[in-house]
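Novice: This is the structure, below, for whatever I ask next.
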Amino acid sequence: MKLLTILRTVCFLICISFVLTSCKHQAPCDNNESQMNSNHQSDSNKPFNYVLGTQTFGPKYHFTDETRLVETAQAIMDMGSNVLKCYLGPKSIEHYKLGGSDDSYTNLTDLASKEPSCQKILDMPFNYYLFWVYSFVEPNDVLRKGWTQQQKKDSYDEIYKLACFLLTKYNGSGKTFYFGQWEGDWAMMGPPLKYENEPTELAIASTTDWLNTRQAAIDAAKKDTPHENVEIYNYLEVNIVIEAMKGHKTITNSVLQNTNIDYVSYSAYDAIYPYDANLTFQQRLDAVGDKLTSALDYIESKLPPKNIPGKRVFIGEYGYPLDCVGTPQAQKEASLAVAIPALQWGCPFVLYWEIYDNEAEEGGANPKGYWMIDNKGVKQPIYQIHYDYYNWAKRFAADFLRQNQRQPSDREFQTAAAEYLKKAN
């Protein structure tokens, strides 16, 4: 009996030793495989920024029963994009013919949470939203003439509440929102709008205060609102950089360094014009690319550091209207001469102006040709190159993830994207 007990004990100890040894050898392999699968799954669910995109502002024609905001947003999504840039403010109703009147809503959160078309586009599966955001209480000339302390407080509250609403409603969605504005140098200067003109000291101080107030409101909302996998950033838009490089007073020279801004958008027309029809594509690529990247470098040199990874200067507007370049094919080639060097530089967004022409007469007559889809509903070559690009980009990102168990870095993707566009042209 005692011998049997001893034998059972020895067998039990041998079995325990075998199990522990097996676990010791197998656990690291299982954990690594589990971690690899987890990382792969995590990256496969993360939004990926394809950089190129477009926008919708004041479209002058439409083809469906949807509002112009929803129709143009759907057209952008159907093209394959996951970024939407549009207007959000007290003129939204008139801007997009939403129905009702501009006094139907009294603040930004009211508009974003209750206006049906705004709700629709926010619920669409876009990953990145860039808004021209204007509070209902701020004066139209606030960047030139400033505001009262009460207007400043009310505007802060309005931006803060909108940010809190978006962080709460879209918590866990993977969406990123960017609050910005239209060409700040023009707004700060006021008429007459000429590149060589300079703003007043009052305008410089007012613009700085306005930007810092918005940044403070967004930062406070992010701090006060529990959120995960949703983000909001603040950006300012500059549009006079070539003159800034000569020492002129501009937002880049006189305001930017006195802010804590997250990002800078560059409305890049001063770097990409004049258009010379006599240049070959390669000559245009070289000429525009050098001027554009010098301007981007200059903006970046003035941007205060911040704990945000990657480049923080992007192209918020670029484009060539048909009445400038002459043919749809030339419009595509001229636009690629901007998009390719912007990708090579590392811009996080490169946004073409725009999906429907905003400078035609109401209904689409006498268009200028700032479009991807014309006033007859015909998709232009600039649309097709974006459509093809998104198909390529999605395949590239998926293949890279499968082969490397991670998403491509910004630099890896942008380098490949620039090469793709060169060959596609």
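Novice: In the list GLY377, GLY319, which residue meets the criterion of being touching an Asp or Glu at 6+ places or on another chain (Cβ under 8 Å) and modelled with pLDDT of 95 or more?
Specialist: GLY319
Novice: Among the residues of the range 281-289, is there at least one that is charged (D, E, K, R), open to solvent by 30 Å² or more (accessible area, probe 1.4 Å), assigned to a helix (DSSP H, G or I) and in contact (Cβ under 8 Å) with a residue 12 or more places away in the chain?
Specialist: The answer is no; no qualifying residue exists.
Novice: Let me ask another. Is it the case that the range 223-243 has a residue that's touching a residue at least 60 places away in the same chain (Cβ under 8 Å) and touching a His at 6+ places or on another chain (Cβ under 7 Å)?
Specialist: no
Novice: Right, here's the next one. I'm trying to understand the selection: among the residues of the range 159-179, which are open to solvent by less than 50 Å² (accessible area, probe 1.4 Å) and in contact with a helix residue (DSSP H, G or I) (Cβ under 9 Å, 6 or more places away or on another chain)?
Specialist: ILE159, LEU162, ALA163, CYS164, PHE165, LEU166, LEU167, TYR170, GLY174, LYS175, PHE177, PHE179 - these are the residues of the range 159-179 that are open to solvent by less than 50 Å² (accessible area, probe 1.4 Å) and in contact with a helix residue (DSSP H, G or I) (Cβ under 9 Å, 6 or more places away or on another chain).
Novice: Oh, and also: What is the residue count in the range 154-182 for residues that are of a type in the set (S, T, N, Q), in a loop (DSSP other than H, G, I, E, B) and over 14 Å from the mean Cα position of the chain (by Cα)? Quick ask: steps written out before the conclusion?
Specialist: Narrowing the range 154-182 to residues of a type in the set (S, T, N, Q): 155, 168, 171, 173, 176, 181.
Right, trim to in a loop (DSSP other than H, G, I, E, B) and you get 171, 173, 181.
Then drop every residue that is not over 14 Å from the mean Cα position of the chain (by Cα), which leaves 171, 173.
Matching residues across the range 154-182 total 2.
Novice: Test VAL313 against the stated conditions and say whether it is buried (at least 17 other Cβ atoms within 10 Å of the Cβ) and touching a Gly at 6+ places or on another chain (Cβ under 9 Å).
Specialist: Yes.
Novice: Which pairs do you get when a residue that is within 15 Å of PRO47 (Cα to Cα), found in the range 397-412, comes within reach of a residue that is surrounded by 16 or more Cβ atoms within 10 Å (Cβ to Cβ) and acidic (Asp, Glu), reach meaning Cβ atoms under 7 angstrom, with the pair 6+ apart or on two chains?
Specialist: Listed pairs, sorted by first residue: LEU401/ASP43; ARG406/ASP43; GLN407/ASP43.
Novice: Moving on to the next point. Identify all residues within the range 234-252 that are within 18 Å of LYS291 (Cα to Cα) and open to solvent by 20 Å² or more (accessible area, probe 1.4 Å); write none if there are none.
Specialist: The answer is ILE242, GLU243, MET245, LYS246, GLY247, HIS248.
Novice: Being modelled with pLDDT of 95 or more, over 30 Å from THR259 (Cβ atoms) and not small (Gly, Ala, Ser): is that true of PRO328 here?
Specialist: Spelling it out, PRO328 is indeed modelled with pLDDT of 95 or more, over 30 Å from THR259 (Cβ atoms) and not small (Gly, Ala, Ser).
Novice: Scan (1) of a type in the set (Val, Ile, Thr); (2) under 16 Å from ALA271 (Cα atoms); (3) surrounded by fewer than 22 Cβ atoms within 10 Å (Cβ to Cβ) for the single condition THR327 breaks and write down its number.
Specialist: Here THR327 meets the rest and fails (2).
Novice: Just to be sure, is TYR383 over 25 Å from ASP286 (Cβ atoms), open to solvent by less than 70 Å² (accessible area, probe 1.4 Å) and of a type in the set (Ser, Thr, Tyr)?
Specialist: Yes: the conditions hold for TYR383.
Novice: Among the residues of the range 347-356, is there at least one that is under 16 Å from the mean Cα position of the chain (by Cα) and among the β-branched types (Val, Ile, Thr)?
Specialist: First pass over the range 347-356, keeping only residues under 16 Å from the mean Cα position of the chain (by Cα): 347-355.
Restricting the remaining residues to those that are among the β-branched types (Val, Ile, Thr) gives 350, 355.
Taking every residue of the range 347-356 in turn, at least one turns out to be under 16 Å from the mean Cα position of the chain (by Cα) and among the β-branched types (Val, Ile, Thr).
Novice: Just give me the residues in the range 395-418 being among the charged types (D, E, K, R) and over 22 Å from the mean Cα position of the chain (by Cα), in sequence order.
Specialist: ASP399, ARG402, ARG406
Novice: While we're here: If you check every pair at least six apart or on different chains, which have Cβ atoms under 7 Å apart with a residue in the range 144-161 that is touching a residue at least 40 places away in the same chain (Cβ under 8 Å) and closer than 20 Å to TYR178 by Cβ first and a residue that is assigned to a helix (DSSP H, G or I) and β-branched (Val, Ile, Thr) second?
Specialist: Correct list of pairs: SER155/THR213; TYR156/THR213; ILE159/ILE218; LYS161/THR109.
Novice: Show the residue pairs meeting these rules: Cβ distance below 7 Å; 6+ apart or different chains; first residue within the range 368-389 and of a type in the set (Lys, Arg); second residue assigned to a helix (DSSP H, G or I) and open to solvent by 30 Å² or more (accessible area, probe 1.4 Å).
Specialist: Close Cβ pairs (under 7 Å, with a partner that is assigned to a helix (DSSP H, G or I) and open to solvent by 30 Å² or more (accessible area, probe 1.4 Å)) amount to LYS368/ASP323.
Novice: Here is a follow-up. How many residues are polar (S, T, N, Q), under 11 Å from GLY174 (Cα atoms) and either part of a strand (DSSP E or B) or without any contact (Cβ under 8 Å) to a residue 60 or more places away in the chain (or both) if we restrict to the range 125-139?
Specialist: Residues meeting the conditions: 0.
Novice: Can you report the number of residues in the range 263-280 which are surrounded by fewer than 21 Cβ atoms within 10 Å (Cβ to Cβ) and under 19 Å from THR293 (Cβ atoms)?
Specialist: 7
Novice: Moving on to the next point. For the range 367-395, how many residues are touching a helix residue (DSSP H, G or I) at 6+ places or on another chain (Cβ under 6 Å) and aromatic (Phe, Trp, Tyr)?
Specialist: Result for the range 367-395: 1.
Novice: Specify the residue that is nearest to LEU162 (Cα to Cα); the eligible residues are those in the range 181-219 that are small (Gly, Ala, Ser) and open to solvent by less than 20 Å² (accessible area, probe 1.4 Å). Outline the logic, then answer.
Specialist: In the first step, residues of the range 181-219 are kept if they are small (Gly, Ala, Ser); the result is 184, 187, 190, 203, 205-206, 216-217.
With the extra rule that they be open to solvent by less than 20 Å² (accessible area, probe 1.4 Å), the set shrinks to 184, 190, 203, 206, 217.
Working: GLY184: 21, GLY190: 28, ALA203: 26, SER206: 22, ALA217: 10 Å.
Among them, the one singled out is ALA217.
Novice: I would also like to ask the following. Having 2 or more residues that are among the small types (Gly, Ala, Ser) and closer than 24 Å to TYR128 by Cβ is the bar; report the helices (runs of 4 or more DSSP H) wholly within the range 307-425 that clear it. Lay out the reasoning, then the answer.
Specialist: Working: elements: 322-325, 328-345, 381-404, 410-424.
Qualifying helices (runs of 4 or more DSSP H): 328-345, 381-404, 410-424.
Novice: What is the number of the single condition among (1) free of Cβ contacts under 8 Å to residues at least 60 places away in the same chain; (2) buried (at least 22 other Cβ atoms within 10 Å of the Cβ); (3) closer than 24 Å to ALA187 by Cβ; (4) under 23 Å from the mean Cα position of the chain (by Cα) that ASN260 does not meet?
Specialist: Looking at each condition in turn, ASN260 falls short on (2).
The values are calculated or read from the model by the stated rules, or taken from the named source; none is laboratory data. Because the structure is a prediction, the values reported are computed rather than measured. Glycine gets a Cβ as well: all are built from the backbone with ideal geometry, and neighbour counts include every protein chain shown. In case anyone asks, the SASA skips ligands and DNA or RNA and just uses the protein heavy atoms, side chains included. Shrake-Rupley method; radii C 1.70, N 1.55, O 1.52, S 1.80 Å.
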